[in-house]
Amino acid sequence: VNRTNHLNSYAVYHTGPASQSGLFSKPRRQFLITVFATIYVVCGKVNFTNLSRYSELSERTYRRHFDEPYAFMGLNRETIALAIAPTHVQVSAIDASFVPKSGKATYGLDAFHNGKAGRSERGLEISMIAVVDVDSTIGYTLSVQQTPVIEKASERTRVDAYLDHLRSTAAALPVAVRHLVGDGFYSKRKWVDGVLEVGLEAIGKLRHDANLKYLYDGPQKKKGARRKYDGKVNLAERSRWRAHGKVDPEVDTYLYNAIVWSVSLKRKIQVVYLINCKHPERPCFALLFSTDLELDPVQLYRAYKARFQVEMCQPQYPHKQLAAAAEVVYLKAGFWAFIFSYKVRNRLLSFTSACFRGPGDVRSAPFPVQAQNFACRALSMRAQSF
């Protein structure tokens, strides 16, 4: 109890916007502060029983609170606004994460792609939409939802489920966010059309053999249909691409861009052609795209590169335990669980920026330093408990 009270003493500096938003009552706010602080110091699996051992709350209290829905998206929106400087470039990013799960009666149990194993496996999946600070290369989770099971006889696909998640989250995105970044899976016409419908521009990655055509801008015939295309894109011939040189002085990667027609997406897109010449005898390349034809190609590259902040932790924290920090995700009926993953630690970091501000130098320090300072205190207290 003394250890818990010591931790909570750093959590009393609750910021105004989240408190005044009306999303949480005072008991609920105190519960959230306690549970987030306890997650940092708990040993072993983070479940209701183990949380009760490291805090002053009982297991029944944890179960009762998690039996009610939480308006996490509103809380995240307020804390993200505090964590990201208004002058920084911001994009939104989406990704799905596989959660291993045995059993037969769990809600949402189905075959999902497991990137770690490189194949489909039986388990659960969560879809995450985050806000990424491109200048600081830090991602902050805005919304997480469990992917529902799609019936085989249904005309809906999982892309429809991801679009439903996007539509329910789009209104909570910061005003500065104009682009949504996804990996190669989201480079589908249905997804791109859905992103444009909610008022965002799509950024993604194309296949190496993507079917692209150059646009014709020469003289037209007086009669007949107007000529639209000027041949298929040949990546071996770069004379019709605009060169921008090296994208990073330390990386031997060159950037080219062009406005072309995508046969699969049925629209004009801006394509960024990246060539890695580290091994000249065997150069590697990648194709990035955006529906925003006016977007600076270097900025497009930086936005897609920053997307990886939602997939992995950068080594910017002093302990590996912090790199494996956790997030409480969207809970559905029959899905009483905490999902703790290196991939979705950002909600705790976002909450820490608002709730764990101490006086003096801690309050004025940049956000990552605040997280480090609080986490170092937490880990120190955990070491003293043994």
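Any residue in the range 145-162 that's modelled with pLDDT under 90: show its pairings with residues that are assigned to a helix (DSSP H, G or I) and exposed (fewer than 13 other Cβ atoms within 10 Å of the Cβ) at Cβ separation under 7 Å, as long as the two are six or more apart or on different chains.
From the range 145-162, no pairs qualify.
What do you reckon, is VAL99 of a type in the set (A, V, I, L, M), touching a Leu at 6+ places or on another chain (Cβ under 7 Å) and in contact (Cβ under 8 Å) with a residue 60 or more places away in the chain?
yes
Which of the residues belonging to the range 65-104 are of a type in the set (Gly, Ala, Ser), out of contact with any Ser or Thr (no Cβ under 7 Å at 6 or more places or on another chain) and modelled with pLDDT under 85?
ALA71, SER102, GLY103 - these are the residues of the range 65-104 that are of a type in the set (Gly, Ala, Ser), out of contact with any Ser or Thr (no Cβ under 7 Å at 6 or more places or on another chain) and modelled with pLDDT under 85.
Got at least one residue in the range 172-180 being part of a helix (DSSP H, G or I) and surrounded by 14 or more Cβ atoms within 10 Å (Cβ to Cβ)?
yes
Inspect the range 19-36 for any residue being closer than 17 Å to THR79 by Cα, among the charged types (D, E, K, R), out of contact with any Asp or Glu (no Cβ under 7 Å at 6 or more places or on another chain) and modelled with pLDDT under 90 and give the result as yes or no.
Yes.
Within the range 268-284, take every residue that is in a strand (DSSP E or B) and hydrophobic (A, V, I, L, M, F, W, C) and give me the one that is surrounded by the most Cβ atoms within 10 Å (Cβ to Cβ).
VAL272
Being in contact with a helix residue (DSSP H, G or I) (Cβ under 9 Å, 6 or more places away or on another chain), of a type in the set (Val, Ile, Thr) and part of a helix (DSSP H, G or I) is the requirement here; does ILE129 meet it?
Answer is no for this residue.
Check ALA243 against each of (1) of a type in the set (A, V, I, L, M); (2) surrounded by 15 or more Cβ atoms within 10 Å (Cβ to Cβ); (3) more than 28 Å from the chain's Cα centre (by Cα) and name the one condition it does not meet.
Condition (2) is where ALA243 drops out.
Out of LEU235, LEU287, LEU265, I need the residue that is touching a residue at least 12 places away in the same chain (Cβ under 8 Å), of a type in the set (A, V, I, L, M) and either closer than 16 Å to ALA303 by Cα or part of a helix (DSSP H, G or I) (or both). Which one?
LEU287
Name the single residue, out of those in the range 181-218 being of a type in the set (Gly, Ala, Ser) and either out of contact with any strand residue (DSSP E or B) (no Cβ under 7 Å at 6 or more places or on another chain) or not in a loop (DSSP other than H, G, I, E, B) (or both), that is surrounded by the fewest Cβ atoms within 10 Å (Cβ to Cβ).
Once the filter is applied, the top-ranked residue is GLY218.
Can you name the condition, by its number, that SER92 falls short on among (1) in contact with a Pro (Cβ under 9 Å, 6 or more places away or on another chain); (2) more than 20 Å from PHE289 (Cα to Cα); (3) among the small types (Gly, Ala, Ser)?
Here SER92 meets the rest and fails (2).
The values are calculated or read from the model by the stated rules, or taken from the named source; none is laboratory data. Remember, predicted model here, so these are calculated numbers, not experimental data. Cβ coordinates were reconstructed from backbone atoms using ideal geometry, including for glycine residues, and neighbour counts include every protein chain displayed.
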